[in-house]
Structure formats: structure tokens, C-alpha cells
Amino acid sequence: MTRKLKKSYRFALRSSLYITLFATTVLTFLLYFFGIKNFFVPILFFALCFTFCFFILQFRVERFIYRRVKKIYDDVTLLDVSDFHNYPITTDMATLTKEIEKFATNKKLEIETLKVRENYRKEFIGNVSHELKTPLFTVQGYILTLLDGAMNDKAIRKKYLNRAGKGVERLIYIVKDLDMITKLEAGDLNLDLEEFDIIELVQSVFDLLEMKAAKKNITLAFDMNYANPIMVKADKERIQQVLTNLIVNSIKYGRDNGTTEISVENLIRNKVIVRVTDNGEGIETENIARLFERFYRVDKSRARKEGGSGLGLSIVKHIIEAHNEKIYVESEYDVGSEFSFTLEKVE
């Protein structure tokens with residue numbers, strides 16, 4: 001409820017005028033009837049009666065409306081009585097109704113927002129459970145098989161222990177990403193800002209992912225030959241993580257014999273934009289809006305087969321936003337995708 005309400009005196013003024021005119025007329029008639037010819041008395045009576053009636057009516061109407069409206073707040077569970085304060089209430093019922101409707105609408109929006117958050121929380125818990133359950137059951141299965149007698153066979157023992165080890169690695173990967181995104185969302189992750197060459201950093205990420213890209217014969221390349229360094233100011237380790245996640249995604253969902261291309265362009269005077277472009281399978285329009293949600297996967301079965309925690313893009317978004325920068329995505333299904341983000345440029 002808005003605290004500063006328009007206070008209307010129209011009802012009290014008119015009502016006081018009508019009552020005073022009637023009372024003064026009666027008084028004048030009585031004075032005339034008893035032969036008292038004193039015009040000062042009716043005038044004084046008019047002034048006193050009007051003033052008295054006005055204050056009494058205004059006070060009573062305000063009290064009446066306040067009590068009635070408070071009763072509405074008590075009866076309607078949608079509204080919160082604690083938000084209704086004992087401020088002067090307008091005697092203009094249209095204004096009062098408008099304020100109450102506005103308040104009710106705001107509360108309804110708050111309730112709808114809470115419902116959305118509750119659904120999101122349930123979905124998140126379900127996703128976490130599923131992501132953790134899969135590798136846990138895998139590890140458990142291999143260990144139980146070994147305990148049931150398979151450990152006596154050296155070949156099977158080594159193979160199953162390796163597979164159990166991969167399951168544990170996946171669990172550690174998921175837990176680390178969960179810890180990372182929790183810190184990012186809570187604002188507990190401090191950025192170590194420094195000046196570095198973004199071209200050199202991209203090349204180092206290319207070197208790290210060269211073997212992974214070679215398995216699908218995907219070429220990692222710049223869009224042109226960058227002869228001079230491009231200096232930016234950011235947390236080098238976190239930006240490396242951003243580039244790694246984006247390039248790994250382009251490899252996962254890229255076509256065999258495809259290409260992942262990086263370009264760095266001047267955006268405005270003190271900003272550059274880094275683009276990661278691939279010619280992979282692309283993303284359908286209806287999925288783009290949810291890409292940066294935790295555990296959201298466009299193709300769930302394939303994504304889990306490819307590995308990863310499902311938190312990569314969400315972490316990317318939080319890291320970029322922690323730098324007060326922007327991240328963008330453009331994609332056309334069956335053509336390819338482009339993820340881009342801005343960074344502060346060092347002059």
C-alpha cells in the first residue's frame with residue numbers, strides 16, 4: 001500500500017455545509033419566531049457549527065474507512081496486514097480502491113515469482129540428484145561386481161577399477177563445479193584482475209584442447225593472423241576457464257571435420273569482444289533462452305554421454321557477469337553457434 005495517499009476533504013466539507021445550513025436555518029427561524037433580531041448569532045453559529053461538523057465528520061470517516069479496510073486486509077489472505085500502516089486515509093473511495101487493487105496486484109506477482117522459484121528449486125534438486133546418482137551407481141556397480149569375485153580376474157579387475165575411477169572423477173568434477181557456481185552466485189569468489197594478452201591465452205587453451213579436438217578432427221583456429229598482442233584487464237585464470245568451457249562445448253556438439261574459430265574485435269574504445277564460433281549442429285530457438293541455467297541440457301541423452309557437469313555455461317555466465325561484462329549467444333539450428341563476451345581493453 002502506498003504510504004502517501006491523497007487526502008480528500010470533499011465529503012466532509014459538503015456534509016458539514018449541508019448540516020450547518022440546515023441547523024442555521026432552523027436557528028434563524030426560531031430566533032425570528034421568538035422575536036430576537038440579532039444577525040450576529042446565526043453567523044457565529046454557522047461558523048462554529050461548520051467547523052465542528054467538518055472536524056468530526058473528517059475524523060469519523062477516516063476512522064471508519066481505516067477500520068473497514070483493515071478488516072479487508074484481515075479477511076483476504078492475499079494481502080498482508082503488517083504492510084498496512086495507520087496513515088491518514090483518503091475519503092475518496094475511488095483512490096482508495098485503486099491503491100488496494102495495486103497492492104493486491106503486486107502481492108499476486110510476488111506469489112507467482114515465489115512459485116516460479118519453488119519450481120526452479122525442485123528442478124535444480126532433481127537435476128543435482130540425477131547428476132550425482134548416475135556416477136555413484138556406476139562406481140557402486142563396478143565395486144560390488146569386483147567384491148562378488150571379479151577381482152580374482154586381473155584383466156576384469158583393472159578394467160572395472162579404471163571405470164570406477166572415471167566415475168569418481170566425474171563426481172569430483174560435478175562437486176567442484178557446484179562449489180564454484182555457489183561461490184559465484186554468493187559473490188564470495190574474489191577476482192584477481194591483471195593485464196594479459198588475450199591472443200596468447202586463447203592459443204594456450206587451443207594447445208590444451210588440441211588432443212580432444214583431434215578425436216573428432218575439429219580444427220581450432222583464429223579467424224585471422226593476430227600479429228600484435230591485444231591486452232585486456234581481467235582475471236586471467238577465470239577467463240581461461242570461460243574460454244575452455246566454450247571451446248569444449250563447441251567440440252562436444254561440433255561436427256566431425258568441423259571448425260571452431262576464435263575472433264577478437266574492438267567493440268568500443270575500451271572494450272573488446274571475443275567470439276567463439278563453430279559450424280556444429282546449432283541450437284533451436286526455443287532452447288537459447290535457457291542455455292545458461294544450471295544443469296540445462298539441449299540434448300540430455302547426448303550431453304550426459306559426452307560427459308561434463310551440466311554447469312559449464314552457467315559458470316561462464318557468472319564469471320563474465322562478475323567482471324561486469326556481457327555474454328551473448330547466437331545460433332541457427334543445423335548451421336552453427338556463436339558465443340561471445342566482452343572484456344575491458346587496456347589502452
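The values are calculated or read from the model by the stated rules, or taken from the named source; none is laboratory data. Remember, it's a predicted structure, so these values are computed and weren't measured experimentally. Methodologically, a virtual Cβ is constructed for each residue, glycine included, from the backbone with ideal geometry; neighbour enumeration extends over all protein chains shown.
When the residues of region 250-271 are filtered to those that are part of a strand (DSSP E or B) and free of Cβ contacts under 8 Å to residues at least 40 places away in the same chain, which remaining residue is farthest from residue 205 (Cα to Cα)?
268
Here is a list: 298, 242. Which entry is surrounded by 17 or more Cβ atoms within 10 Å (Cβ to Cβ), modelled with pLDDT of 90 or more and aliphatic (A, V, I, L, M)?
None of the other options fit; the residue is 242.
Of the residues 261, 194, 237, 286, which single one is surrounded by fewer than 18 Cβ atoms within 10 Å (Cβ to Cβ) and touching a strand residue (DSSP E or B) at 6+ places or on another chain (Cβ under 8 Å)?
After ruling out the rest, the residue left standing is 194.
I'm told residue 192 meets every condition in (1) free of Cβ contacts under 8 Å to residues at least 12 places away in the same chain; (2) farther than 15 Å from residue 266 by Cβ except one. Can you identify the failing condition by its number?
Every condition holds for residue 192 apart from (1).
Can you say whether residue 92 is at pLDDT below 70, of a type outside the set (A, V, I, L, M) and exposed (fewer than 14 other Cβ atoms within 10 Å of the Cβ), as far as the supplied structure shows?
For residue 92, the condition - at pLDDT below 70, of a type outside the set (A, V, I, L, M) and exposed (fewer than 14 other Cβ atoms within 10 Å of the Cβ) - is not met.
With the condition kept exactly as written, say whether any residue in region 201-219 is charged (D, E, K, R), under 18 Å from residue 340 (Cα atoms) and assigned by TED's automatic domain parsing to the domain that holds residue 329.
No, because not a single residue in region 201-219 is charged (D, E, K, R), under 18 Å from residue 340 (Cα atoms) and assigned by TED's automatic domain parsing to the domain that holds residue 329.
Under 17 Å from residue 329 (Cβ atoms) and either modelled with pLDDT of 90 or more or β-branched (Val, Ile, Thr) (or both): which single residue out of 276, 272 fits that description?
276
So which pairs qualify, if the first residue must be in region 139-159 and touching a residue at least 12 places away in the same chain (Cβ under 8 Å), the second must be of a type in the set (Lys, Arg), the Cβ gap must be under 8 Å, and the two must be at least 6 apart or on different chains?
Every condition considered, the pairs that remain are 142/163; 146/157.
Return the residues of region 221-235 that are touching an Asp or Glu at 6+ places or on another chain (Cβ under 8 Å) and farther than 20 Å from residue 210 by Cα; say none if nothing qualifies.
Answer for region 221-235, where residues must be touching an Asp or Glu at 6+ places or on another chain (Cβ under 8 Å) and farther than 20 Å from residue 210 by Cα: 229, 230, 231, 232, 233, 234, 235.
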